[in-house]
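The values are calculated or read from the model by the stated rules, or taken from the named source; none is laboratory data. This structure is a prediction, so every number in the text was calculated from the model and none was measured. Cβ coordinates were reconstructed from backbone atoms using ideal geometry, including for glycine residues, and neighbour counts include every protein chain displayed. All accessible areas refer to the heavy atoms of the entire protein, side chains included, with ligands and DNA or RNA removed. Shrake-Rupley method; radii C 1.70, N 1.55, O 1.52, S 1.80 Å.
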Amino acid sequence: MLDHLIKGATVVDGTGAPSYTADVGIRDGRIAVVAPPGTVTEEAGTSEDATGLILAPGFVDPHTHYDAQLFWDPYATPSLNHGVTTVAGGNCGFTLAPLHPGRPADADYTRRMMSKVEGMSLVALEEGAPWSWSSFGEYLDALEGRIAVNAGFMVGHCALRRYVMGEVAVGGQPTPAQMDEMLALFHEAMEAGAWGLSTTQSATHSDGDGKPVASRHARPAELLALSRAVAEHEGTQIEAIVAGCLDQFSDEEIELFVAMSAEAGRPLNWNVLTIDAAVPERVPRQLIPSERAREAGGRIVALTMPILTPMNMSLGTFCALNLIPGWGEILGLPVPERIAKLRDPGVRAEMLRRAQSKEAGVFRRLAHFGRYVIGDTYSTANEGLTGRVVQDIAAERGQEPFACLIEICANDQLRTVLWPMPTDNDPASWALRAETWQHEDVLLGGSDAGAHLDRMCGAPYTTRFLGDCLRGRKLVGLEQAVRMLTDDPARLFGLRDRGRIEEGWHADLVLFDPERIDAGKATLVHDLPGDSPRLDSRAIGINAVWVNGVETIREDVVTGAVPGTVLRSGRDTRTVSTK
């Protein structure tokens, strides 16, 4: 007997093949039958008519930070609402495990680091997760049986270093004995199911004390030793971040990426490839590592987002503006001192110069302050400004846009919410994106879902992209768009029997209305532990989502079921060799 029968759906199976109409039956968590409409004779416990609706495999998000959120939100919202049934976590070198059992303070250090570097609420981290584990395997066990999505995790280089080296992990180098211990710990994590290594060398990544995170101090020999360890385990790979990911790689970074992938004999993915027709040299430069890796016996995959994700910023909280060279020390001052500095014309001139310089890299896009939209305001002096563009306000007041923006924010004691309008929303940039997406080493993803919660909401990229493909720019066809969200990431990670609608495969499915599928506007809600805020976006046109054959979403509402699996390397992933 079938558990559920979906009748008359337009099946887009994830392979890129033309869609077709079929009845799809689910039994024991798997797709039991895919047959022409009306030909299924087996009885079903429940059924529904899906005429006119699209049935696709559940979407796979290749870059999230749900490591902590899954403890207080097992539904991984809003990703699950937007059809995502599998998430990859533990990215950028940051994981909650392993934690040294003899140093309880390491958990506090980790919480403060995650709060700073990934924009997670410190109160939510403290109150929402049990912190009951030491080993990486114990962390995975703590999630097993209580999540609604399938989730796999890399093990973070920062946690490995901290466990072995303690406070010396920041600034120090491992002794030969410590390197052996780090490798043994890493092997243990992969034996328990870690997907492989994640690491960062990015200058934007600092811990809760403002110091470069532990993995930034690792030398190439350490990274290559860890990469070789990856090769010894089935179904593993590498995720890595360097400073050049934000703009253009240096020659040394290209050599490092190529060597790491070749040593591991596994794919290495990085994020995020920013595509902008105003910087035509960026994409060719960022794909050089992919070309060289193939020659060296490796594979390097660039993640890129198929939508423009709005950024919620302010001069009062840590955000992307703090990452502009020279801005961090000013925006890190106490508020009264910060306002005084920002009101100084000389200081503003130097800040503008740094923001518009080549060293700012991809953050140069944030320097067009006249294009910012004013969000929430908090003073009578700013009444009526919400929703207005700074350049219009500045023109009315006879001010330079940056000076105008500073005065508006100062009136609110820097609490003003700012929304920078994208500079790369032009036809040429979208044409370049469509072209770049076709590259064999470019993959859609990079949502950062679970991180930067009050500043951005990348999780809805799936529904927004499909809506754009069906009713907007139509840069790619439906079948290809679905493949890019499902089978492509599933194959990169070597997921076993996931990413396609095929008999015998896991019943991770999403049913949606092609006439409506989209994402609502990101809005600030206070639903984290400690009443902390985050940006959320409702899913439009998603009828239902199934994970392992169990309905988890119906009309944008979670059902309460938790059928997700902690996906472990080897058992749930097969090796994707580059040799």
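Taking amide hydrogens as placed 1.01 Å from N in the peptide plane, the amide H of H4 sits under 5 Å from those of I26, G45, T46, each at least 5 positions away in sequence or on another chain. Scaling the Cα radius of gyration of segment 6-54 by the globular reference 2.2 N^0.38 Å produces a ratio of 1.10.
Normalised by the number of residues in segment 520-579, the average gap of Cα pairs under 8 Å and 6 or more apart makes the relative contact order 19 percent. On segment 121-175, 47 percent of the accessible area sits on carbon and sulfur atoms, based on a 1.4 Å probe. Below 10 angstrom from the Cβ of G549, what's the summed charge of the other residues (Lys, Arg +1; Asp, Glu -1)? That works out to -2. The phi-based Karplus calculation (6.51 cos²θ - 1.76 cosθ + 1.60; θ = phi - 60°) puts the 3J(HN,Hα) values of segment 128-142 at x, 10, x, 6, 9, 10, 10, 6, 5, x, 5, 4, 4, 4, 5 Hz, whole numbers, x for Gly and Pro. The order of the peptides 516-524, 421-429 by mean Cβ neighbours within 10 Å, most packed first, is 516-524, 421-429.
Of the trypsin sites (Lys or Arg not before Pro) found in segment 483-515, those in coil by DSSP whose Cβ has at most 16 other Cβ atoms within 10 Å are R496. Taking amide hydrogens as placed 1.01 Å from N in the peptide plane, the amide H of G193 sits under 5 Å from those of S569, each at least 5 positions away in sequence or on another chain. Rg/Rh, computed from the Cα trace of segment 211-343 with Rh as the Kirkwood radius, has the value 1.07. Rolling a 1.4 angstrom probe over the protein heavy atoms with all chains in place gives segment 448-503 an accessible area of 28 Å² per residue. Among the trypsin sites (Lys or Arg not before Pro) in segment 335-377, those located in a DSSP loop and surrounded by at most 15 other Cβ atoms within 10 Å of their own Cβ are R343. Rounded to the nearest whole Hz, the Karplus-based 3J(HN,Hα) values (6.51 cos²θ - 1.76 cosθ + 1.60, θ = phi - 60°) of segment 248-260 follow the sequence 9, 5, 7, 4, 5, 5, 4, 4, 5, 4, 4, 5, 4, with x at glycine and proline.
Sum up the charges of everything whose Cβ sits under 10 Å from the Cβ of T423, counting Lys and Arg as +1 and Asp and Glu as -1, but leave T423 out. Computed value for this residue: 0. Note on segment 136-197: Kirkwood hydrodynamic radius from all Cα pairs is 12.6 Å, rounded to one decimal. From the largest down, the chain spans 78, 61, 47 angstrom on the principal axes of its Cα atoms.
Here segment 371-433 exposes an accessible surface that is 50 percent carbon and sulfur, computed with a 1.4 Å probe and the other protein chains kept in place. Excluding R103 itself, calculate the net charge of residues whose Cβ lies under 12 Å from the Cβ of R103, where each Lys or Arg counts +1 and each Asp or Glu counts -1. In short, -2. Spherically averaged projected area of the convex hull of Cα atoms, segment 292-399: 9.8 nm². Mean sequence separation of contacting Cα pairs (under 8 Å, at least six apart), scaled by the length of the chain, corresponds to a relative contact order of 22 percent.
Calculate what fraction, in whole %, of the accessible area of segment 222-298 sits on carbon and sulfur atoms when a 1.4 Å probe is rolled over the protein chains. Roughly 48 percent of what the probe reaches on segment 222-298 is carbon or sulfur. Farthest toward the positive end of the dipole of the chain, out of G332, W131, M114, is the Cα of G332, where the dipole comes from beta carbon charges about the Cα centre. Loop-located GluC sites (Glu not before Pro) in segment 1-61 (DSSP state other than H, G, I, E, B) with a sparse environment of at most 11 neighbouring Cβ atoms within 10 Å: E43. Equivalent-ellipsoid semi-axes for segment 19-80 (Cα gyration tensor, √(5λ), whole Å, largest first): 31, 14, 10. Computed about its Cα centre, the charge dipole of segment 229-303 is approximately 220 debye, with only Lys, Arg, Asp and Glu carrying charge at their Cβ. Relative contact order for segment 470-579: what is it in percent, counting Cα pairs under 8 Å that are at least 6 residues apart? Relative contact order for segment 470-579 comes out at 22 percent.
Residues whose amide H comes within less than 5 Å of that of Q237, counting only those at least five positions distant or on another chain, are G196, L197 (H built at 1.01 Å from N in the peptide plane).
In straight-distance terms, cross-link reach from K474 covers every one of the aspartates and glutamates whose alpha-carbon lies under 17 Å from its own, apart from those fewer than eight places away in the same chain; here that gives D426, E435, D513, E515, D518.
Bridging of K211 to lysines at a Cα separation below 21 Å is possible for K116, once same-chain residues fewer than 8 apart are set aside.
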